Amino acid sequence: MKKILLLSDTHGYIDAQILKFVKQADEVWHAGDIGDISVTDTIKEIKTLRAVYGNIDGKEARAEFLLDNKFEVEGVTVWMTHIGGYPGKYHSRLREALKRTPPKLFICGHSHILKVQFDKEINILHLNPGAAGKQGFHKVRTMLRFELVKGKIQNLEIIELAKRA
């Protein structure tokens, strides 16, 4: 079993609230718009990190992280990217590849809107953790937490952090 903390759109911001949940996870996944590499460096000092770069990320993040990160954990295939779209409206760059070789779990960020949606057409679970940072239009900072066990995704929780000031 692996306990996963999924966050996105930190935009250079990390605080004690986020770090409390980082410490409780086995792995942390960051779905892009890191903002400042110190965010991911801080997480990596504590836990295993898997991440992708986002549209606001500069040379350092793009040199360290991929645009698309495809991997498998506990028998669950994962495809993580920053700008991915949603079921029925996937980004044109990804649409055909998702249909051809769908992962069990498709993760993206970018919208700052937390969304958990099952795509019945291609049989994948789509997750967007919303935004954990302070920049953007969102009113509440959010993340997702779940467990991966023998090919299953279970105990999915929404984490709401403090409202933005």
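The values are calculated or read from the model by the stated rules, or taken from the named source; none is laboratory data. This one's a predicted model, so the numbers in the text were calculated from it and none came from an experiment. Every residue, glycine among them, receives a Cβ derived from its backbone with ideal geometry; neighbour counts consider all protein chains shown. Note: areas computed on protein heavy atoms with side chains; ligands, DNA, RNA excluded. Shrake-Rupley method; radii C 1.70, N 1.55, O 1.52, S 1.80 Å.
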I'd like to check something: does segment 70-93 contain any residue that is touching a residue at least 12 places away in the same chain (Cβ under 8 Å), of a type in the set (Asp, Glu) and either in contact with a Leu (Cβ under 8 Å, 6 or more places away or on another chain) or open to solvent by 50 Å² or more (accessible area, probe 1.4 Å) (or both)? yes
Select from segment 114-165 the residues that are assigned to a loop (DSSP other than H, G, I, E, B), open to solvent by 50 Å² or more (accessible area, probe 1.4 Å) and under 21 Å from LEU19 (Cα atoms) and list them in ascending order. LYS134, GLN135, LYS139, ARG164, ALA165
Subset of segment 50-69 that is aliphatic (A, V, I, L, M) and touching a strand residue (DSSP E or B) at 6+ places or on another chain (Cβ under 7 Å) - its residue that is surrounded by the most Cβ atoms within 10 Å (Cβ to Cβ): VAL52
Quick check on my filter: what residues within segment 94-113 are assigned to a loop (DSSP other than H, G, I, E, B), without any contact (Cβ under 8 Å) to a residue 40 or more places away in the chain and either surrounded by fewer than 18 Cβ atoms within 10 Å (Cβ to Cβ) or in contact with a Phe, Trp or Tyr (Cβ under 8 Å, 6 or more places away or on another chain) (or both)? LEU94, THR101, PRO102, PRO103, ILE113
Being of a type in the set (D, E, K, R) and touching a residue at least 40 places away in the same chain (Cβ under 8 Å) narrows LYS23, LYS3, LYS59 down to just LYS3
State which residue is surrounded by the fewest Cβ atoms within 10 Å (Cβ to Cβ) when the search covers only segment 36-49 and only residues that are part of a helix (DSSP H, G or I) and among the acidic types (Asp, Glu). GLU45
Considering only segment 50-64, state which residues are over 15 Å from ILE107 (Cα atoms) and not in a helix (DSSP H, G or I). ASN55, ILE56, ASP57, GLY58
Restricting attention to segment 3-35, report how many residues are part of a strand (DSSP E or B) and under 21 Å from LYS152 (Cβ atoms). 7
Just a yes or no: is a residue in segment 77-89 assigned to a helix (DSSP H, G or I), under 17 Å from the mean Cα position of the chain (by Cα) and more than 16 Å from LEU144 (Cβ to Cβ)? no
